[in-house]
Amino acid sequence: METIIRKIQKSDNGALAIIIRSCFHDFEVPTPGTVYEDAATDHLYELFSKENSALFVAELDGKLCGCCGIFPTEGLSEKCGELVKFYIHQDCRGKGLGKKLMEKSIEFAKKSGYQSIYIESLPEFSTAVSIYEKQGFTYLEKPLGNSGHSGCNLWMIKHF
């Protein structure tokens with residue numbers, strides 16, 4: 001099995017939108033106020049053309065499997081990026097791709113001068129939340145910044 005972790009390409013937009021939205025169905029997650037309903041989910045390549053942002057995708061044997069990235073979310077300190085769009089297709093879970101994507105995103109954040117990373121999530125994404133905990137993220141009592149995703153009710157941060 002050949003795994004490739006690379007930056008998003010314009011041609012990835014459609015497949016990534018499908019993967020992201022399918023994760024909400026897989027885990028029976030409510031969609032109001034989440035990335036599921038965000039129009040930007042269909043235009044990730046364009047969204048991640050913003051300075052100090054990157055979206056990494058994982059391919060397994062030539063098949064697009066998921067994504068994870070860093071974004072300078074409005075309202076966060078310039079030294080704090082948000083870890084975003086962390087989704088893996090159900091056929092590709094349990095193979096270590098999520099960990100590789102997250103580590104690549106954290107490496108990018110450090111190289112870009114960020115001193116901390118913020119995450120918003122939901123309890124239904126318990127597998128992802130356990131990965132955040134293993135990566136050293138700690139819980140916050142309220143959200144930071146202005147992601148526009150009011151449906152999220154778990155907030156975490158990691159300093160480095």
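What the table shows:
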{"item": "Options LEU140, LEU154: the member that is surrounded by fewer than 21 Cβ atoms within 10 Å (Cβ to Cβ), aliphatic (A, V, I, L, M) and in contact with a helix residue (DSSP H, G or I) (Cβ under 9 Å, 6 or more places away or on another chain)", "result": "LEU154"}
{"item": "GLU78 of a type in the set (D, E, K, R) and not in a helix (DSSP H, G or I)", "result": "yes"}
{"item": "Residue among LYS104, LYS110, LYS95, LYS79 that is more than 26 Å from PRO30 (Cβ to Cβ), modelled with pLDDT under 95 and basic (Lys, Arg)", "result": "LYS95"}
{"item": "Output for segment 53-85, where each listed residue is closer than 20 Å to PRO143 by Cα and of a type in the set (A, V, I, L, M)", "result": "ILE70, LEU76, LEU83, VAL84"}
{"item": "Residues within segment 98-119 that are closer than 23 Å to ILE19 by Cβ and part of a helix (DSSP H, G or I), tallied", "result": "12"}
{"item": "GLU141 being acidic (Asp, Glu), closer than 25 Å to ILE4 by Cβ and at pLDDT 95 or above", "result": "no"}
{"item": "Among the candidates CYS80, CYS68, residue that is in contact (Cβ under 8 Å) with a residue 24 or more places away in the chain, surrounded by 17 or more Cβ atoms within 10 Å (Cβ to Cβ) and either among the acidic types (Asp, Glu) or farther than 21 Å from CYS23 by Cα (or both)", "result": "CYS80"}
{"item": "Residue within segment 41-61 that is in contact with a His (Cβ under 8 Å, 6 or more places away or on another chain) and either closer than 19 Å to ILE5 by Cα or surrounded by fewer than 20 Cβ atoms within 10 Å (Cβ to Cβ) (or both) present", "result": "no"}
{"item": "Whichever residue in segment 18-69 is among the hydrophobic types (A, V, I, L, M, F, W, C) and assigned to a loop (DSSP other than H, G, I, E, B) and, among such residues, is farthest from GLU82 (Cα to Cα)", "result": "PHE27"}
{"item": "Complete set of residues in segment 1-52 that are out of contact with any Pro (no Cβ under 7 Å at 6 or more places or on another chain), polar (S, T, N, Q) and within 17 Å of THR73 (Cα to Cα)", "result": "THR34, THR41, SER49"}
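The values are calculated or read from the model by the stated rules, or taken from the named source; none is laboratory data. Because the structure is predicted, anything quoted here is derived from the model rather than measured. As a convention, Cβ positions derive from the backbone with ideal geometry for all residues, glycine included, and neighbour counts pool all protein chains shown.
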